[in-house]
């Protein structure tokens with residue numbers, strides 16, 4: 001598999017790997033394994049009392065778990081990837097600031 005990275009992202013990842021004393025390959029494989037285990041297809045939502053849910057939505061993925069996964073009491077959201085008409089990467093805090 002070949003992957004092309006944005007030059008800024010590649011530079012940052014190389015530096016982080018070097019700072020940690022590991023290879024870039026080790027870092028990318030570890031990140032890919034973590035993402036594969038935690039990637040949800042759809043749009044994260046919040047129900048009453050901040051329980052994380054997953055809603056079907058084309059062009060969106062997110063890293064984390066719903067409340068049903070029972071990994072945390074309420075669920076968790078690490079990042080939202082929005083490839084619809086909005087920005088590609090948003091942190092959870094700015095995602096929840098939107099009005100439905």
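Each reported figure results from applying straightforward, stated rules to the coordinates on display, with no laboratory input. In this text, all values refer to a predicted model and were calculated from it rather than measured experimentally. Note that we place each Cβ from the backbone using ideal geometry, even for glycine, and neighbour counts take in every protein chain shown.
Length available on full extension from residue 10 to residue 81: 0.36 nm per residue minus the Cα-Cα distance, which gives 23.7 nm. Oblate is the label for the stretch 22-75, because a/c, from the alpha-carbon gyration tensor with a ≥ b ≥ c as root eigenvalues, is 1.5 or above and a/b does not exceed b/c. Label sites at residue 56 and residue 1, each approximated as a point 7 angstrom past Cα along Cα to Cβ, lie 2.6 nm apart.
On the beta carbon distance between residue 28 and residue 68, with R0 = 22 Å, the FRET formula returns roughly 0.15. Each residue, residue 38 and residue 19, gets one label point 7 Å from its Cα in the Cβ direction; the gap between the two is 1.8 nm.
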